[in-house]
Structure formats: C-alpha cells, structure tokens
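Structure first, commentary second.
The values are calculated or read from the model by the stated rules, or taken from the named source; none is laboratory data. What you are looking at is a predicted structure, and each value in this text was computed from that prediction instead of being measured. Backbone-built Cβ (ideal geometry, glycine too); neighbour counts: all protein chains shown.
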Amino acid sequence: MKKIKYIIQTTFLLGMVSLTSCKKDFVNPNAPTTDQVFSSARGLVGVNIGNQRTFALGGASVIYGVVTANAFTTNEVILMNSGNTAEFQFSKGGASVDATNTVLGNIWTNSNKVIYDANTVINAADALNDKGYASGLIAHASILKALAIGSMSMLWEKVPEKVGTNVNFIDRTAGFAAAIATIDNALGKINTNAISASYSSDAVSGLDYVNTLNALKARYLLFSGKNAEAITAANLVDLTKKSTFNYDAVSTNPIFTVATATNNVYQPIDSTLGLPATLAPTAGDGRIAFYTSINATVAPRFRINGFYNATTASIPVYLPSEMTLIKAEAYARTGNLASALTELNKVITKTAASDPFKVGANLAASTASTSDAILTEIYKNRCIELYMSGLKLEDMRRFGRANSERKRNFFPYPFKERDGNPNTPADPSF
C-alpha cells in the first residue's frame, strides 16, 4: 500500500509538470506539493516508481515502442491489422514511416520525460543526509535515464543535448556517452555509500541495481566501439542474477496486452525469427520454442511467447547471455578469436536449465575459425538469443548487414519536436 500511495503522488506531480503551460493553477489540498515530494526520501521513491511506469508500462511506453519499432523494421514480426496506423507504417518501412508515427512520438516524448524526472530525482537525492538511501534512489533513476537516452540513441541519428525548449542536438554516439556517464555517476555513489537496507525495503522489486548498471554500461560501450572497456564492464555482471521490470494483474506486460493477447497488432514472422535463410536458426534450436508458440487452428501459426506470453510476465532489462555475447563480439573485434569463440560457444551450447531466464539453444559448439565467420555467428546468435529485445536494428548497422534486410536505418524526428524546435535535424533518407 505504501508504494501505491507513492505512485499516486507521483502521478499528480507529473500531471502538474504537463500542465505548466496552462493559465490557471489547480491545488489539490489532499496531495503533497512538489517541494514536499522532492525533498522527501520516500517521496523520491514514488517519483522513481512513476518514472518506471512511464518507461515500461502500457502501449505508450518506451519499452513497447522500442520493441515494436525494432521488430517490424528488422522483420522479426508481421502485421496483423493494417488499421494499426503506426505499426502499419513500420511494416511498410522506408518513406512510409513518417513524422506522424505515434509509436515514435511516444518513444520520443516519454524518453525525454523519463530523463527529466530522473535528473530531478538524482539532483534531489544528492541533497539527502542519508547517503545510503540516496545511492539507491540515484541508481534507480540512473538506470531509467540511461535506458531512455540509449533507446533514443539507437533509433535516431541525433538526440537532444538536454531536455528543454529549443535544445541543440548531439550525435547519437554522444548520446551513448551521456548514458555511460550517468551510469558511472551512479556506480560512484554506490561505491562511496552502499545502498542501504532501508532503501531496499521501500524500493520497487525486480531491479538488480549494480548488475544492471554494469550491464547497460557494457551494452553502450560496445555500441560505442569501446571493446576493451565493454569486456571489463561485462565481466562485472553476475550472470546468475536477474533484473526485470515486473507486472501484475493491474499493471500488465505491455507487449502481451497490446499484441500477444489481442492477435490484432503483430505476431512473429515464423521460425526464422526474421533472419535470412543462411542465418536462420536450425530446427533443433531451443530458442525457437522459447520465443514462439504454435497455434495450429487459428492464423497465424507462430505466436509471441518468451517474455511477452502472459499478463504478469516480467521483461528482462538485459539477459545475462547478452553479456557473454558482448564479450564474444568485443574479443572478435580486437583480434582475440580464441576467446571470442569460447564466449560464443557458451551461448550456443547453453541449456535452458542452466540459464536464469530459461533461454537455451542446446546446440553443438561452433567451429568457426576466421574473424568474419565468428562475427557472423555472433550476429546470428544475438538475433536469436535477444529476439524481440529492441536491440536488433543497432546490431544490423554495427555488423554491416545489407539494407535489404531491414526497412529503415534510422527514424524521422516526430512532428511534436520539429514543430516546436527549429534545431531539429533533417530526417534521414532511409
């Protein structure tokens, strides 16, 4: 009940922020003031919980948008109903995806909102006397902020330098650097003052803060081409632990609610998981059955499974095996092919029983021996192991896959940004 109260408080506050352009102020005598919430340690927990809901809950969430935009653009899924306008645009690709796309607009708006609210929490937490409690607050806010910046940097060529009016834009590589800096700040706070037990008892369940911060750091370092640093960060992640966004009967898994349960938006393309024939998973790959199910009577035959198969299914912030694949790729790109193959084969031979999330290929080890062959195997296994994770478009560009395998490289900037900001860059041609 305590956390529910905080969420309600946060919803009120965020509503106040969204109404700053109105002429009148409306005061709720039963709700806390902004100053009260942002000066209260427990109030800041509520702000973080509300911010996590913005990122991870509902069809307008950043998670729904990033997974959906990626899945269509990289051919992981097929459209079920052309009446879903935004998803229909993604299914057509190219110039059909325009600045009116509501899914892209939601990612843009809500990512910026997450960044703004996270900054507010981080700044307010720094002023708290209980530094162990502050470390927890900063860690949670920083995870959400890093994910929001990283999500935008994966989808757009340039991202806002900060949240505000008429802001300038920076290259997406600078966006990844900003996400990494946010993570490093949080890790520094935790190293100085460990997260307190009192914070942990108040916090939302599911997230493993330190492992998640290091995992996201490894991800964005890899995306930035900083391979040695990515290996170091990945090695700090405990691969036996899970970190998830959790859902319940009221706050439901967004992909399940919008797509899986309705069978009216999208479903998996087939057992290829969107890969060309030369890279498609073999029939015995256990990950096919994890990520897809079969409906033998009602079309389509292949259905969404995995992390989006139930109202209350948790969504991983990262998979432990992503860290193994990060190390495999980073080793391969720095010429250490033996270590690259060792890490790759940990994923290929892994059984579901030995994986925290029960994702397992259970296949024979690869015998690839050249740099190109190993990198191709790493790409293939990233696409299968991390299916519908929202990471594939970034992977396709990094591995130099042909444009014919995807429907766009980057996305147009939403009209809601362009109409209000003269600094908005030109849209990419593809």
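General remarks:
- Residue in the stretch 44-62 that is more than 18 Å from residue 393 (Cα to Cα), free of Cβ contacts under 8 Å to residues at least 60 places away in the same chain, surrounded by fewer than 23 Cβ atoms within 10 Å (Cβ to Cβ) and under 23 Å from the mean Cα position of the chain (by Cα) present: yes
- Residue in the stretch 85-94 that is at positive phi and in contact (Cβ under 8 Å) with a residue 24 or more places away in the chain present: yes
- Within the stretch 314-350, tally of residues that are under 18 Å from residue 363 (Cβ atoms) and assigned to a loop (DSSP other than H, G, I, E, B): 3
- The helices (runs of 4 or more DSSP H) falling completely within the stretch 1-78 that include 2 or more residues that are of a type in the set (A, V, I, L, M, F, W, C) and at pLDDT below 50 map to 2-18.
- Every residue from the stretch 297-313 that is β-branched (Val, Ile, Thr) and in a loop (DSSP other than H, G, I, E, B): 297, 298, 311, 312
- Here residue 275 meets the list (1) surrounded by 17 or more Cβ atoms within 10 Å (Cβ to Cβ); (2) farther than 13 Å from residue 387 by Cα almost entirely, failing just condition (2).
- From the list 182, 244, 212, the one residue that fits, being farther than 27 Å from residue 405 by Cβ, surrounded by 19 or more Cβ atoms within 10 Å (Cβ to Cβ), touching a strand residue (DSSP E or B) at 6+ places or on another chain (Cβ under 6 Å) and modelled with pLDDT of 95 or more, is 244.
- Which numbered condition residue 360 fails, given (1) free of Cβ contacts under 8 Å to residues at least 12 places away in the same chain; (2) touching a helix residue (DSSP H, G or I) at 6+ places or on another chain (Cβ under 8 Å): (1)
- Filter pass, residue 340 being closer than 24 Å to residue 284 by Cα and out of contact with any Ser or Thr (no Cβ under 9 Å at 6 or more places or on another chain): no
- Selection within the stretch 164-191 - of a type in the set (D, E, K, R) and either under 30 Å from residue 425 (Cα atoms) or in a strand (DSSP E or B) (or both): 171, 172, 184
- Helices (runs of 4 or more DSSP H) lying entirely in the stretch 192-275 (those with 1 or more residues that are more than 27 Å from residue 45 (Cα to Cα)): 209-223, 227-235
Each row is one residue, and each column tells you yes or no for (1) of a type in the set (Val, Ile, Thr); (2) out of contact with any Ser or Thr (no Cβ under 8 Å at 6 or more places or on another chain).
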{"residue": "184", "(1), (2)": "no, yes"}
{"residue": "188", "(1), (2)": "no, yes"}
{"residue": "191", "(1), (2)": "no, yes"}
{"residue": "197", "(1), (2)": "no, yes"}
{"residue": "204", "(1), (2)": "yes, yes"}
{"residue": "208", "(1), (2)": "no, no"}
{"residue": "211", "(1), (2)": "no, no"}
{"residue": "217", "(1), (2)": "no, yes"}
{"residue": "226", "(1), (2)": "no, yes"}
